[in-house]
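Data block below; observations after.
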Amino acid sequence: GGGGGWGGFSDVSRLGSVLKRQLGPEDEKVALRVVSAKEPGYLRGRAYVTYADSTWQTSSEVSGLLPVAPARAGTAAFGQSLFALKPERGQEWTPMDMWPASAGWRELFLPLGAVAVSAPAKTLSVDDQGGATCDEMPPGAGYRVFLPSKPGNGREPLSPEMRRRLTEPPKGLDPRVARLARRIFAGRETPAEKMKAVEEYFARHHRYALGVTIPAGKDPLTYFLLERPDAHCEYFATGAAVLLRLGGVPARYVTGLIASEWNSVGRYWVARNKNAHAWVEAYDPARGWTLVEATPS
């Protein structure tokens with residue numbers, strides 16, 4: 001199941017835990033099936049705020065969600081309760097049906113921008129980064145996710161406190177990393193320009209590999225950023241999140257699944273364990289939360 005700490009999707013995600021899922025003995029095993037009119041792509045499991053000692057932690061600000069009033073209840077899948085993840089804006093919704101392939105997942109995999117979920121549960125837990133978990137999903141049960149049919153209204157302003165937390169670099173960061181950030185962002189003013197600068201920097205100066213070798217006694221993130229060994233997604237996403245924060249752009253580290261394989265027989269999309277991934281969501285006042293893919297292809 002996904003609740004185990006090794007899975008990369010629990011409250012704590014240590015560098016290397018997503019890789020274990022990608023390379024594990026069950027790497028080809030289907031993790032999630034998705035019925036959707038368009039390719040689901042990036043499905044966030046959890047979003048993380050604090051980084052220290054090669055480990056990311058989720059926010060501790062968690063609240064319980066109760067089912068919403070029945071105005072929209074007809075949209076819920078049969079026998080499920082509807083939970084609003086964002087304030088109701090009266091817009092049209094597009095559904096996406098999720099079928100986890102194994103029992104024991106607590107995490108609900110959601111596309112960025114999901115506004116509601118229907119699930120066979122009495123409550124959901126949601127943290128302040130939009131990560132949703134459910135402790136009472138029956139084995140084999142699916143859930144339905146709703147997205148706004150017209151994108152572009154997900155620009156909730158960030159509170160000053162949230163902005164502070166998401167631009168705070170890790171404690172005790174090597175000053176050479178801050179110098180690297182200044183070099184990367186030279187002449188880049190807007191959040192959009194800085195996000196692009198980070199993606200371009202990694203594509204130009206680093207190479208992707210499944211796994212990384214860090215010498216004993218070296219801090220993994222510092223070594224990755226300064227010595228540029230070949231590495232996997234967790235290093236690129238962590239590096240990007242830290243660099244963006246140093247550039248004043250609110251950023252969070254995200255782990256989840258990428259569903260881009262089409263099963264033409266069952267007519268659904270598939271994410272396998274090997275499709276586990278780590279990426280960044282960064283905040284741009286002009287666009288709202290934006291996906292940053294720092295891992296070179």
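The values are calculated or read from the model by the stated rules, or taken from the named source; none is laboratory data. Every value quoted in this text rests on a predicted model; they were computed, and no experiment measured them. Note that each Cβ is placed from the backbone with ideal geometry, even for glycine, and that neighbours are counted across all protein chains shown. Protein only, heavy atoms only, side chains kept; ligands, DNA and RNA dropped before computing areas. Shrake-Rupley method; radii C 1.70, N 1.55, O 1.52, S 1.80 Å.
Only Cα pairs under 8 Å and at least 6 apart count here; give the relative contact order of the range 85-227 as a rounded whole percent. It comes to 23 percent, rounded to a whole number. Heavy-atom accessible surface of the range 119-221, averaged per residue, reaches 57 Å², computed with a 1.4 Å probe. Pick from GLY172, GLY140, GLY113: which is most flexible by mean-square fluctuation in a GNM of the chain where alpha carbon atoms under 10 Å apart are linked? Maximum among the listed residues: GLY172. Quick one: net charge of ASP97's neighbours, Cβ under 14 Å, K/R +1, D/E -1? Charge balance near ASP97 sits at +4. When Rg and Dmax of the Cα atoms in Å is calculated directly from the model, which label among [x] 24.2, 77; [y] 18.9, 58; [z] 20.9, 65 fits? After the calculation, the listed value that fits is [y]. Using 1/(1 + (r/R0)^6) with R0 = 30 angstrom and r between the beta carbons of LEU226 and ARG267, what's the FRET efficiency to the nearest 0.05? Efficiency, rounded to the nearest 0.05: 0.05. Taking all C-alpha pairs of the range 169-218, those more than 16 Å from each other amount to 58 percent.
The convex hull around the C-alpha trace of the range 139-254, projected and averaged over every direction, spans 11.1 square nanometres. Principal axis extents of the Cα atoms in the range 240-297, from largest to smallest and rounded to whole angstrom, are 47, 23, 17.
Database remark: amide H of LEU65 closer than 5 angstrom to the amide H of LEU124, SER125, VAL126 (H placed geometrically; neighbours at sequence offset of 5 or more, or on other chains; Pro and chain starts carry no H). About the centre of its Cα atoms, the range 205-277 shows a dipole size close to 180 debye [charges on the beta carbon of Lys, Arg (+1) and Asp, Glu (-1) only; nearest 20 debye]. Bridgeable aspartates and glutamates around LYS122 (alpha carbons under 18 Å apart, same-chain partners fewer than 8 residues away excluded): GLU107, ASP135, GLU136. Gain on full extension, evaluated as 0.36 nm per residue between ALA209 and GLU92 minus their Cα-Cα distance, stands at 38.0 nm. Gap in Å between the Cα centre of the range 220-245 and the Cα centre of the range 257-297? About 19 Å separates the Cα centre of the range 257-297 from the one of the range 220-245. Only one residue of THR222, SER36, TYR201 has its Cα farthest out toward the positive end of the dipole of the chain, where Lys and Arg carry +1 and Asp and Glu -1 on Cβ, and that residue is TYR201.
When the chain is described by a simple charge dipole with +1 on each Lys and Arg Cβ and -1 on each Asp and Glu Cβ, the residue from VAL115, LEU173, GLY64 located farthest towards its positive end is LEU173.
Residue by residue, the range 188-197 carries 3J(HN,Hα) couplings of 9, 9, 8, x, 4, 5, 6, 4, 5, 4 Hz when phi is fed to the Karplus relation 6.51 cos²θ - 1.76 cosθ + 1.60 (θ = phi - 60°); x denotes Gly or Pro.
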